[in-house]
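The numbers here are math on the coordinates, done by the rules we state, and not lab data. A quick note: this is a predicted structure, and the numbers were derived from the prediction, not measured. Note: ideal-geometry Cβ built from the backbone for every residue, glycine included; neighbour counts use all protein chains shown.
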Amino acid sequence: MDQAERLRTLIKDKTDSKTGCKIIAVTSGKGGAGKTGIALNMAINFSRMGKKVIILDTDFGLSNIEVMFGIYPQYTISDFLFKGKKLSEVITKGYENVGFISGGSAIVKLLNVDSHERMLILNRIKELEEACDILMIDTGAGISDAVVDFLIPSNEIVLITTPEPTSITDAYALVKTLSINENYNKDNADIKVLCNKANSEKEGNLIYEKLNSVTERFLKIKLSYLGYIPYDNHIPKAIMKQVPVTIEYPESLASRSYKRVAQRLSGEVKESQNNNRMEILFSKYFMTKRGY
């Protein structure tokens with residue numbers, strides 16, 4: 001039996017493992033697009049809808065989520081990878097009962113997390129799926145395997161861009177990198193564009209249309225438009241206070257936009273497949289690595 005046939009048999013055998021958890025990856029091609037703030041504020045809105053939410057920060061070694069929460073965790077992903085903790089044991093509770101797992105900040109060892117260690121996390125994510133309704137993955141920035149590995153199994157991919165030309169170009173580069181990955185199936189996950197720091201709905205739509213036109217033309221991938229978050233002076237003020245803007249300034253333009261986007265996304269998230277996509281991905285990587 002060759003490798004391809006083994007993988008087909010493996011995938012066929014994965015049945016009746018539905019957890020009901022939705023996996024949403026928040027990503028961007030460029031740093032500074034506002035991923036972590038968006039993931040955090042959307043998670044708070046999901047929690048207000050009655051959802052149990054966990055954020056997994058996969059920007060290993062450079063995690064910012066605890067800074068934005070103003071809460072410093074007892075454990076980080078480092079304790080799972082190197083000290084024997086269960087993934088479920090390294091969850092810290094934040095505002096509105098949102099749980100988060102820190103990717104670790106200034107931990108040099110985490111800057112060199114390899115594919116094997118990433119797959120260990122993916123294989124154990126079932127622990128998180130069983131503990132929440134929505135699992136949000138806050139990826140690192142860029143187009144490396146360290147980012148793409150966490151996009152592949154997601155039900156929804158929220159692609160963040162800003163009006164800056166470099167941000168739009170890098171967002172396209174990320175979609176292109178994803179499209180040529182052998183594990184990516186465009187029918188299994190929607191890529192939704194969210195324009196951050198836009199001046200208006202019109203500008204957000206225009207940026208989406210530009211990005212979507214090139215992905216459709218050159219990559220044969222159709223994106224969808226999730227919305228925009230306006231440039232709002234309340235956001236940097238909230239960051240300085242280390243309190244999410246939706247908590248500190250609930251009536252601000254940004255907070256109202258986060259609520260609208262979260263409601264839209266919550267209504268559009270796909271139902272889980274009748275297979276464990278994390279387990280399939282993990283097995284596929286390691287069967288390939290072992291030469292089966």
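Along the range 177-192, what does the Karplus equation 6.51 cos²θ - 1.76 cosθ + 1.60 (θ = phi - 60°) give for ³J(HN,Hα), rounded to whole Hz, x for Gly and Pro?
4, 4, 5, 9, 6, 5, 8, 7, 10, 5, 7, 9, 8, 8, 9, 10
Please identify every one of the GluC sites (Glu not before Pro) in the range 130-224 that sits in a loop by DSSP and has no more than 14 other beta carbons within 10 Å of its own beta carbon.
Taking the range 130-224 and a limit of 14 other Cβ atoms within 10 Å, the loop GluC sites (Glu not before Pro) found are E130, E182.
I want the local charge near K86. Using Cβ-Cβ distances under 9 Å, sum +1 for each Lys or Arg and -1 for each Asp or Glu among the other residues.
Cβ neighbours under 9 Å give a net charge of 0.
Amide H neighbours of I221 under 5 Å, counting only residues 5+ apart in sequence or on other chains, H built in-plane at 1.01 Å?
E216
Amide H to amide H under 5 Å from S105: which residues, 5+ apart in sequence or cross-chain, H placed 1.01 Å off N in plane?
S63
With the crude spin-label approximation of a point 7 Å out along Cα→Cβ, what separation in nm comes out for S88 versus M49?
In this crude label model, S88 to M49 measures out at 2.5 nm.
Let's see if you can work this out: charge +1 on each Lys and Arg Cβ, -1 on each Asp and Glu Cβ, no other charges. What is the dipole magnitude of the range 62-201 about its Cα centre, in debye to the nearest 20?
320 debye
At E117 and L219, where each label point lies 7 Å from the Cα along Cα→Cβ, what is the point-to-point distance in nanometres?
Using points 7 Å along Cα→Cβ, the separation is 2.8 nm.
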